[in-house]
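Below you'll find the structure, written out as structure tokens, and then a few comments.
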Amino acid sequence: MSNRVLAFIGVGAYILTVLASAEDTGGDTTASPVVITLAAILTLFFITMAVIRLWKIAQFTAVMLLVSSVVFLILGTILVFTEPIHGSAIVVATNIAGVVYLFAYFFAVIRLWTLRTISTESRSIPEIGREISWADIVHQVFRAVDFDRSGTRTNSYGQVTALSASMPYGYLLVESPILNQRVRLPIIHQDDFRLASSVFDVPDLAHFVDEELLVTYAPEHVLPSGLSGSFFHVLHFVIVPRGTLDLYYSVHNDLHMAHPDPEKLFGPFIYSGEVKVQVNPQPEF
């Protein structure tokens, strides 16, 4: 089921909930038991699936939806069984909880509508930061095979806006002799997104050599977890002759497997000022 189909179900469940809450002038329910039951089932299904779907990629939205729905349910149940007078604390609290729940509900619907559905093929590819630790790939070198923009937009002023604040700007599909399969490398800094775009969106840049685009993860300061300890960009790119990556990892009895030295390929790392994709037509090891 795609994210957008789930969003449609959420809207449908809300419409049924409104129909199920219809009352006559005496305060008695006029909706049929079928509508009430269907509204309850669809709402429960939507909230459960939305929380599961959003938990890893938009956790704040998922938590807000889960907590607000539980609180609203508890207060609503108390309201039904106690029948307090109008304007009492429990009535006011229930009304406030209902507003918060309604906001969280439709915020989740909007997030699901705007999120790109990840294909089955993408799910089967390991991702750095999830299946593979960032600490394991610091200073290691990869060949960039493909670029997934993930809906990120760049305006005419060069400002980069991700589809969601909780998601990477995009992904690079990379491979390396240190891995037994291709993996997804999240792009977590907008400068790195611009660098990747400068190659994949302007292919002529790669025609300086019989190209191979290499990338390495090398933050200025590395935390024990492997994450960056600074605000500067973390990915460095270089265009080299094809076959350079395999040669880099095979020289000196595979020395760079255990002791990576990416600056032999990339040159001194640049973190501020003019940050660009380097070109090294004659790498030396």
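For semi-axes √(5λ) of the Cα gyration tensor in Å, pick the label among (1) 31, 26, 18; (2) 53, 18, 17; (3) 29, 23, 17 that corresponds to the value derived from the coordinates. So the structure-derived entry is (2).
Relative to the Cα centre, the charge distribution of the stretch 3-114, modelled as +1 at Lys and Arg Cβ and -1 at Asp and Glu Cβ, gives a dipole magnitude of about 700 debye. Multiplying each eigenvalue of the alpha-carbon gyration tensor of the stretch 175-273 by 5 and taking the square root yields semi-axes of 21, 20, 13 Å, largest first, rounded to whole angstroms.
Normalised by residue number, the volume inside the convex hull of the Cα atoms of the stretch 128-169 is 122 Å³ per residue. For the peptides 257-263, 233-239, the ranking by mean Cβ contacts within 10 Å, running from highest to lowest, is 233-239, 257-263.
Which distance in Å, rounded to a whole number, links the C-alpha centroids of the stretch 255-280 and the stretch 39-60? The distance from the Cα centre of the stretch 255-280 to that of the stretch 39-60 comes to 43 Å.
Pulled fully out, how much extra length does the chain show between residue 114 and residue 271, if you take 0.36 nm times their separation in residues and subtract their Cα-Cα distance? Don't skip to the end; give the middle numbers.
Working: separation 157, 0.36 × 157 = 56.52 nm, distance 3.24 nm.
That works out to 53.3 nm of additional length.
How high is the relative contact order of the chain, given as a whole-number percent (alpha carbon pairs under 8 Å, six or more residues apart)? Mind showing how you got there, number by number?
Numbers: 409 pairs, mean separation 37.9, N = 285.
Relative contact order here is 13 percent.
For the chain, the longest principal axis of the alpha carbon atoms and the long axis of helix 89-114 meet at an angle near 40°.
Expressed as a rounded percentage, what relative contact order does the stretch 3-114 have, with Cα pairs under 8 Å and six or more residues apart? Don't skip to the end; give the middle numbers.
Working: 103 pairs, mean separation 34.2, N = 112.
Once divided by the residue count of the stretch 3-114, the mean separation gives 31 percent.
Between residue 52 and residue 258, the FRET efficiency estimated from the beta carbon spacing at R0 = 41 angstrom works out to 0.55.
Laboratory data are not the source of any read-out in this text; all were calculated from the coordinates shown. Note that this is a predicted model, so its numbers are computed, not measured. Reconstructed Cβ throughout: ideal geometry from the backbone, glycine too, with neighbour counts over all protein chains shown.
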